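What follows is one structure encoded as structure tokens, with my remarks underneath.
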Amino acid sequence: MSEKMVLMQGNEAVAEGAIAAGVRFYAGYPITPSSEVAETMAKRMPEVGGTFIQMEDEIASIMAIVGASLAGKKVLTATSGPGFSLMQEGLGYACMVEAPIVILDSMRYGPSTGMATKVSQMDLMQTRWGTHGDHWVIVLSPSSVEESYQLTIRAVNLAEKYRNPVIVLSDETISHLREPIDISIPPVLVERRLPTAKADYLPYRTDESLVPTVANVGTGFRTSCTGLVHGESGFQTANGHVAEALVERLRDKLFNNLDDIIQFETDRVEDADVLFMSFGITARGVSEAVETLRSHGRKAGSLRFITLFPFDDDRVRKAAGNARTIVVPELNSGQLVLLVKRVFGDSRKVVPMNKINGDLISPQEILNFLREENL
Amino acid sequence: MGNDSRFELRMTGSGGQGLILGSIILAEAAIMEGKTVTQSQVYGAEARGGTTKAELVISDKHIAYPKVTDPDLLAAMTNEGLKQYGGGISRKTRVVIDSSVMSAPDSLDEENCRGLLALPIRSTLISRLESELGLNIVLLGIIEGLTAIVDVETLRKAIAMHVKKQFLDLNMKALDLGMEMVEAQARAGIRI
């Protein structure tokens, strides 16, 4: 493996993944623990003919990438909780105008400015419900430097394919971790569909894919984009039927394609009597704990969410095997566990395991937890 | 926990000593030899003048949990570093301290670590190489002398990747100095 492997930090891998995926516009406001993404993009964008802008704040940052996206660029911004809070308005707007954008949120300890240099997984529900109104986003969760690279590529592709915001939900540990990765294989790229004829052009008209072919700004098409409810023409309306159809379509364009969007990683789920469900950095402690438990004869398994949202209850139920006990370790006071409980109700014993002191959950702590809780 | 091929290193000291860079250099040397690594550090204002920590895990296999939990080697270059990040050692842990800036703590003995190696790292660097820079590379030499975790020539290559040409000679001498210090201890019959 040595020849092609390069030592890279998680944040650098996000930046390089974005570049490999065709991102040529970055606007952002640096914030720990995401700042190395901006640092890398500031250096790399001019080298690949792209644009880097340091904006005055995170609201401006997300609006800049929405604008550049509507002009046809593949785009990225990176932030952490406090900045992600500011971005929520723009995130909702991007959902509504169907601008393909990718946001890296590297989670640090919150609420508010919290602890800038300490890890958490406290933004999980913010990615899903941070902006107001019924809306749908895709959220991908890397658990390594390699996956930071690969999932950023995937995020750009999914954003373009479905014309939807995609959030890469990383954390302080993965952002600053260095691991060897192979970036020598050029990725498969997805390009957004564009209108072919100007005659009868309506920016938000869709075919059975439910994904509109909005023209890139400046290509000669007459396009209106607005956060207000709009029909196929892109112009505002207060017609309830149009509104209902629009919001349903925003949902269905993703939910009709869950096989394409949703990914899990499972480890020895089939015969497990205790199953861990986790995401991101926490899954790496789980992975080692499962290995140890198995070596001691305990039937443990793991389900790691690579796609966190859309979250499909049926798929989770099917992937979870028959384990009587499901443990949900996470670096917050219990967010993923809400979804897991929704899936299983009282049919399984669902046990939260939470840590909120700014440190990781170690494999040993997981083993101790099972013992202490008699699981 | 883990397997026998897993090697865990923690280095702690003062921001500016280059310990994080040292861990990156050793990580890159290990990668060149086909091993896998995870490298991490304490992150924040502490790293710029305050107490700092760099961690490295090297293994022949996939590394699941990326942080150091049971170090094979703990190197403390300041007293404050040892205080803040010296916990979590076990009887498998070799401890290296810089005796020119700190005294050996009473708390470390055969009961709670594999061995304590107190070497006058900083003062030897200054007297032998007339330099205050290169402490991290002397330490890499000491780690290499103790563990032979990678081939010395690979380590030299990795150092060369990170060092400006005009400082290359100094850094190679610093590496040699570290290895010599370990050899001298071994020759003196001190159990390391």
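The values are calculated or read from the model by the stated rules, or taken from the named source; none is laboratory data. Only a predicted model underlies this, so the values are computations on that prediction, with no experimental measurement involved. Backbone-built Cβ (ideal geometry, glycine too); neighbour counts: all protein chains shown.
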Return the residues of the range A:131-163 that are more than 30 Å from residue A:180 (Cα to Cα) and among the hydrophobic types (A, V, I, L, M, F, W, C); say none if nothing qualifies.
A:136, A:137
Here are some conditions: (1) free of Cβ contacts under 8 Å to residues at least 40 places away in the same chain; (2) away from chain B (no Cβ under 14 Å); (3) closer than 30 Å to residue A:175 by Cβ. Residue A:267 meets all but one. Which one does it not meet?
(2)
With respect to residue B:10, determine if the residue is of a type in the set (Lys, Arg), part of a loop (DSSP other than H, G, I, E, B) and more than 11 Å from every other protein chain (Cβ to nearest Cβ).
no
Where residues in the range A:283-318 are surrounded by fewer than 21 Cβ atoms within 10 Å (Cβ to Cβ) and of a type in the set (S, T, N, Q), which of them is nearest to residue A:142 (Cα to Cα)?
A:292
Only one of these is over 20 Å from residue B:38 (Cβ atoms) and of a type in the set (Gly, Ala, Ser): A:112, A:141, A:175, A:148. Name it.
A:112
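Conditions tested, residue by residue: (1) under 19 Å from residue A:120 (Cβ atoms); (2) aliphatic (A, V, I, L, M); (3) away from chain B (no Cβ under 14 Å).
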| residue | (1), (2), (3) |
| --- | --- |
| A:315 | no, no, yes |
| A:329 | yes, no, no |
| A:332 | yes, no, yes |
| A:348 | no, no, yes |
| A:359 | yes, no, no |
Whether any residue in the range A:201-212 is among the hydrophobic types (A, V, I, L, M, F, W, C), under 15 Å from residue A:94 (Cα atoms) and either surrounded by 17 or more Cβ atoms within 10 Å (Cβ to Cβ) or in contact with a strand residue (DSSP E or B) (Cβ under 6 Å, 6 or more places away or on another chain) (or both) is what I want to check.
yes
Take residue B:60 and decide whether it is surrounded by fewer than 19 Cβ atoms within 10 Å (Cβ to Cβ), more than 9 Å from chain A (Cβ to nearest Cβ) and of a type in the set (D, E, K, R).
yes
With the requirement that a residue be within 21 Å of residue B:34 (Cα to Cα) and modelled with pLDDT under 95, what does the range B:132-161 give you?
none
Criterion (touching a helix residue (DSSP H, G or I) at 6+ places or on another chain (Cβ under 8 Å) and farther than 15 Å from residue A:65 by Cβ) met by exactly one of A:15, A:20
A:20
Selection over the range A:137-196 where residues are outside any loop (DSSP other than H, G, I, E, B) and either small (Gly, Ala, Ser) or within 14 Å of chain B (Cβ to nearest Cβ) (or both) yields a count of 18
Any residue that is under 17 Å from residue A:309 (Cβ atoms), assigned by TED's automatic domain parsing to the domain that holds residue A:130 and of a type outside the set (A, V, I, L, M, F, W, C) - is there at least one of those in the range A:172-179?
no
Say whether the condition of being in contact with an Asp or Glu (Cβ under 7 Å, 6 or more places away or on another chain) and within 14 Å of another protein chain (Cβ to nearest Cβ) is met by at least one residue in the range A:29-37.
yes
Under 9 Å between Cβ atoms, at least 6 apart or on separate chains: pull out the pairs that start in the range A:38-50 with a residue that is of a type in the set (Ser, Thr, Tyr) and end on any residue that is in a helix (DSSP H, G or I).
A:40/A:11; A:40/A:12; A:40/A:14; A:40/A:15; A:40/A:16; A:40/A:19
Here the residues within the range A:56-110 that are under 26 Å from residue A:145 (Cβ atoms) and of a type in the set (Gly, Ala, Ser) are A:61, A:78, A:80, A:81, A:83, A:106, A:110
Restricting to the range A:1-12, name every residue that is touching a helix residue (DSSP H, G or I) at 6+ places or on another chain (Cβ under 6 Å), over 28 Å from residue A:72 (Cβ atoms), in contact (Cβ under 8 Å) with a residue 24 or more places away in the chain and outside any strand (DSSP E or B).
A:10
Among the residues in the range A:284-299, are any in contact with a strand residue (DSSP E or B) (Cβ under 9 Å, 6 or more places away or on another chain), at pLDDT 95 or above and away from chain B (no Cβ under 14 Å)?
yes
Scan the helices (runs of 4 or more DSSP H) fully inside the range A:31-126 and keep the ones with 1 or more residues being within 20 Å of residue A:190 (Cβ to Cβ) and in the same structural domain as residue A:178 (by TED's automatic domain parsing).
A:58-70, A:81-97
Just need a number here: residues in the range B:13-39 that are touching a Phe, Trp or Tyr at 6+ places or on another chain (Cβ under 9 Å) and more than 10 Å from chain A (Cβ to nearest Cβ).
0
May I ask you to verify whether residue B:77 is within 21 Å of residue B:15 (Cβ to Cβ), modelled with pLDDT under 95 and surrounded by 15 or more Cβ atoms within 10 Å (Cβ to Cβ)?
no
Just to be sure I understand, how many residues within the range A:271-282 are surrounded by fewer than 24 Cβ atoms within 10 Å (Cβ to Cβ) and not acidic (Asp, Glu)?
1
Do the conditions hold for residue A:165, that is, is it crowded, with 19+ Cβ neighbours inside 10 Å, outside the structural domain of residue A:135 (by TED's automatic domain parsing) and farther than 30 Å from residue B:31 by Cα?
no
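For (1) within 14 Å of another protein chain (Cβ to nearest Cβ); (2) β-branched (Val, Ile, Thr), each residue gets a yes or a no:
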{"site": "B:41", "(1), (2)": "yes, no"}
{"site": "B:68", "(1), (2)": "yes, yes"}
{"site": "B:72", "(1), (2)": "no, no"}
{"site": "B:85", "(1), (2)": "yes, no"}
{"site": "B:95", "(1), (2)": "no, yes"}
{"site": "B:98", "(1), (2)": "no, no"}
{"site": "B:106", "(1), (2)": "no, no"}
{"site": "B:119", "(1), (2)": "no, no"}
{"site": "B:124", "(1), (2)": "no, yes"}
How many residues are away from chain B (no Cβ under 14 Å) and either among the aliphatic types (A, V, I, L, M) or out of contact with any strand residue (DSSP E or B) (no Cβ under 7 Å at 6 or more places or on another chain) (or both) when one looks only at the range A:361-375?
5
